[in-house]
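S.K.: Here it is, the structure in full.
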Amino acid sequence: MLSQDIEALDRAKFAIGEVIEARYLGSQSSVVLAQSTDFAHLEPALQAEERKRAAAFDLGARVRAAIQLFLSSSRVSIELSQKLMSDFPECSPERASELLLQCAEDALAASDAARHAAAVLAHEESPEIDAFFMDSGF
């Protein structure tokens with residue numbers, strides 16, 4: 001049963017990795033210019049249109065960033081589950097303590113990614129995620 005569970009987690013991790021690769025790896029993050037754009041020189045109708053376009057771009061950037069963060073968090077969570085299932089039962093007590101601490105650190109990083117995604121969706125943080133991944137060691 002345990003080996004079937006680990007195999008199922010392998011398939012899930014592989015599938016998430018494929019989605020991350022297909023959607024995000026090799027693609028450059030977008031720079032949000034909407035806040036610094038000067039619409040004053042435009043006619044009112046064009047100003048409204050440009051603001052609407054900028055808002056749509058910002059929403060799309062937030063959704064894309066949140067998806068990437070949630071997928072990354074999910075993949076790390078699956079890896080942690082696998083590690084606990086396969087490594088923990090056969091560890092010495094000393095190694096078990098080290099493993100649990102390492103898993104706890106990785107779990108905090110995964111939860112930070114999910115928390116950042118929630119803050120991006122709630123407009124509390126910027127949708128720029130490159131800095132998040134560099135700072136978090138994710």
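The values are calculated or read from the model by the stated rules, or taken from the named source; none is laboratory data. Everything numeric here is computed off the predicted structure, so don't read it as measured data. Cβ coordinates were reconstructed from backbone atoms using ideal geometry, including for glycine residues, and neighbour counts include every protein chain displayed. The accessibility values were calculated without ligands, DNA or RNA, using every heavy atom of the protein model including side chains. Shrake-Rupley method; radii C 1.70, N 1.55, O 1.52, S 1.80 Å.
S.K.: How much net charge surrounds H123 when only the other residues with a Cβ under 10 Å from the Cβ of H123 are counted, with Lys and Arg +1 and Asp and Glu -1?
M.R.: Values: positive: R62; negative: D58, E124, E125.
Result for the local shell: -2.
S.K.: Ordering S97, S81 by how much accessible area each has at a 1.4 Å probe, largest first, what is the list?
M.R.: Details: S97 70, S81 50 Å².
Order by accessible area, largest first: S97, S81.
S.K.: Accessible area of K13, 1.4 Å probe, to the nearest 10 Å²?
M.R.: My reading of the accessible area for K13 is about 50 Å².
S.K.: Cβ under 14 Å from A96's Cβ, A96 left aside: what net charge do those residues give with Lys, Arg +1 and Asp, Glu -1? Before the final figure, lay out each step's value.
M.R.: Working: positive: K83, R95; negative: D87, E90, E94, E98.
Combined, the nearby Lys, Arg, Asp and Glu give -2.
S.K.: Okay, next question. At 1.4 Å probe size, with no ligands or nucleic acids counted, give the accessible surface of I129 in Å², nearest ten.
M.R.: My reading of the accessible area for I129 is about 10 Å².
S.K.: Something else: Between beta-carbons, use under 12 Å as the cut-off and find the net charge around L71, counting Lys and Arg +1, Asp and Glu -1. Could the numbers behind the result be given before it?
M.R.: Values: positive: K13, R23, R64, R75; negative: E18, E21.
After counting each charged neighbour, the total is +2.
S.K.: Starting from the Cα of A48, step 7 Å along the direction of its Cβ; do the same at R95; then give the gap between the two resulting points in nm.
M.R.: 6.9 nm
S.K.: Further, regarding this structure: Over region 62-119, with every protein chain in place, what whole percent of the accessible area is carbon and sulfur at 1.4 Å, could you tell me? Please list the in-between numbers first.
M.R.: Values: 1860 of 3140 Å².
Answer for region 62-119 is 59 percent, counting heavy atoms of protein chains only.
S.K.: Sticking with this one: Please give the direction-averaged projected area of the C-alpha convex hull for region 39-138, in square nanometres with one decimal.
M.R.: Computed as one quarter of the Cα hull surface, the answer is 7.5 nm².
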